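Step one of this worksheet: look at the structure below.
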Amino acid sequence: MDPARRGSRGPLPAGDHKDIIIPLVDCLFCRIVRREIPAQIVHEDEQALVFKDITPQAPTHLLVVPKRHLGSLSASTDGDIALLGHLQRVACRLAEGAALSSFRLVMNNGKGAGQSVDHLHYHLLAGRPMAWPPG
């Protein structure tokens, strides 16, 4: 399939879809979701992809991203409440599955807060003591 006709949710189902145009968002995490850039994926479901951070800040450092492009928490709407909750529950289930008794779940919103990729994502950090305040 022509990559320009494919969205962050993967290829369209079989059939003639010439009248359907899905915008191709060219952000790093969307490209990982589409498997255009390799990543160490540890979980995937219909709404979320979780992969290891390439510059880990803790022994466990996973990125929990929605498959659908959403630039930041500030770009979310009330219609995204279920998605945001799903991402948090995915992070929690992964921590439980890895027997992590404590972990930190971080979301940066905007460059001033440290958001370096314009695609909403949570950092799941664990495996070392976490200082407070974090910044």
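Taking the number of other C-beta atoms within 10 Å as the exposure measure, put 67, 111, 52 in order starting with the fewest. So the residues, fewest neighbours to most, are 111, 52, 67. A cut-off of 5 Å between modelled amide H atoms, ignoring neighbours fewer than 5 places along the same chain, links residue 70 with 120.
Of interest is the spacing of the C-alpha centroids, which for region 95-120 and region 45-60 amounts to 9 Å. Basic side chains Lys and Arg get +1 at the Cβ, acidic Asp and Glu get -1 at the Cβ, and with that the dipole of region 25-126 about its Cα centre reaches some 160 debye.
Note that region 86-135, at 37 °C in a medium of 0.692 mPa s, gets a Stokes-Einstein diffusion coefficient of 272 µm²/s from its Kirkwood radius over C-alpha pairs.
Each residue of region 47-53 was assigned a 3J(HN,Hα) from its phi angle through the Karplus expression (A = 6.51, B = -1.76, C = 1.60, θ = phi - 60°), giving 10, 9, 10, 10, 9, 6, 5 Hz with x at Gly and Pro.
Simple spin-label estimate for residue 93 and residue 117 gives 2.1 nm between the two label positions (7 Å along the Cα-to-Cβ direction from each Cα). Taking amide H atoms as placed 1.01 Å from N in the peptide plane, the amide H of residue 48 lies under 5 Å from those of 67, each 5 or more residues away in sequence or on another chain.
Coordinate-derived values only; no laboratory data. Given the structure is predicted, the values throughout are model-derived calculations rather than measurements. All Cβ positions, even for glycine, are placed from backbone atoms using ideal geometry, and neighbour counts span all protein chains on display.
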